[in-house]
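The values are calculated or read from the model by the stated rules, or taken from the named source; none is laboratory data. Just so it is clear, the structure is predicted and the values come from calculations on it, not from any experiment. Cβ: placed from backbone, ideal geometry, glycine included. Neighbour counts: every protein chain shown. With ligands, DNA and RNA removed, areas are computed over all heavy atoms of the protein, side chains included. Shrake-Rupley method; radii C 1.70, N 1.55, O 1.52, S 1.80 Å.
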Amino acid sequence: MTKITAIIPTLNEEIHIAEAIKSVSFADEIIVIDSFSTDKTLEIAATYDVKIIKREFDDFSSQKNYAISQASNPWIYILDADERVTPQVEKEILEAVQNPQDFVGFYVRRSFYFAGKNINYGGCQRDKVVRLFLKEHCKYKGFVHETIVANGKLGFFKHKIEHYSYRNFDHYISKMNHYGELRGKEYFEKGKKVNLYQILIKPPARFVIHYFIRLGFLDGFPGFAFAKAQAYGVYVRYIKLWLLNRGVK
């Protein structure tokens, strides 16, 4: 019951995939589940001892749950391609699977990097995700920001992994567009409508939350850019919903 499968979902992650694979080299099996990348992601991944699965992307939960179903081992470690497992967290992972103490999964906190700078505030200080878990007790749920639903107790690791989510502001905005479109589609499928409050109030309110309430201003200009991009992501989701409700894809 101590073997681990590491799963790395990818789409055009050629700048990250090699380091991502190396950071989970402790795993007994590594699966790269790819959404038909058009760059060199798969070419690079194929130079390592990994299992490559190609699957058309529908949503984040379905993609990860499918990869989990293909895993050979009971313990799963999910690694986004822009994350890195540090030696300290690797040690915690290996100790956890040897002695889980009735936990079926574990949260890990992330050190968030934006355009090369470590962002300490703006909500990033609260960033935590379930990354290690037993597949028979846990599954993903949610369309965009997927979460683990666990049948049992979840523990916490003491150390943080590194999260290099956004290379620069343009890359960040492209991700916000992608997430906003997915969220808008989710709302549309639930039959939701758009009102002026969602367009005029919610985006600036999100900026205020990240920049002032969650102390993003303490990170200087990168904290301002991060808060603005978060607000933009809220705006995109409702514009996308408005378009879908009018038959525009």
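Some observations on this one:
- Cβ-placed point charges (K, R +1; D, E -1), dipole of the range 1-90 about Cα centre in debye, nearest 20: 280 debye
- Per residue accessible area of the chain, 1.4 Å probe, in Å²: 51 Å²
- Normalised per residue, the volume of the convex hull around the Cα set of the range 118-241 (Å³): 133 Å³
- Positive-end residue of Asn65, Val129, Thr38, charge dipole of the range 1-155 with Cβ unit charges: Val129
- Mean separation of Cα pairs under 8 Å and 6 or more residues apart, divided by the residue count, gives the range 127-167 a relative contact order of 27 percent.
- Oblate is the label for the range 1-124, because the ratio a/c of its alpha-carbon gyration tensor axes (a ≥ b ≥ c) is 1.5 or higher and a/b is not greater than b/c.
- Carbon-plus-sulfur accessible fraction, the chain (probe radius 1.4 Å, protein heavy atoms only): 52%.
- Looking at the chain alone, DSSP beta bridges between its own residues are antiparallel in about 45 percent of cases.
- Remark: the chain carries a charge dipole of roughly 1180 debye about the Cα centre, counting +1 on each Lys and Arg Cβ and -1 on each Asp and Glu Cβ.
- Lys40 long-range amide H proximity, modeled H, under 5 Å: Glu14
- Amide hydrogen neighbours beyond the local backbone of Ile33, cut-off 5 Å, H modeled: Ile8, Thr10, Ile53
- Option label - volume of the Cα convex hull per residue in Å³ computed here, alternatives (1) 132; (2) 116; (3) 148: (1)
- Considering all different alpha carbon pairs of the range 26-68, the Kirkwood hydrodynamic radius works out to 11.1 Å.
- Along each principal axis, taking the top coordinate minus the bottom one, the Cα set of the range 1-74 gives 37, 26, 14 Å in descending order.
- Euclidean distance of C-alpha centroids, the range 208-232 and the range 13-45, integer Å: 31 Å
- Taking Ile199, Ile78, Ile17 as the candidate residues, the one with maximal mean-square fluctuation in a Gaussian network model of the chain, Cα springs under 10 Å, is Ile199.
- Zero-based 10 Å bins, Cα pair distances in the range 116-160, whole percents: 21, 43, 29, 7
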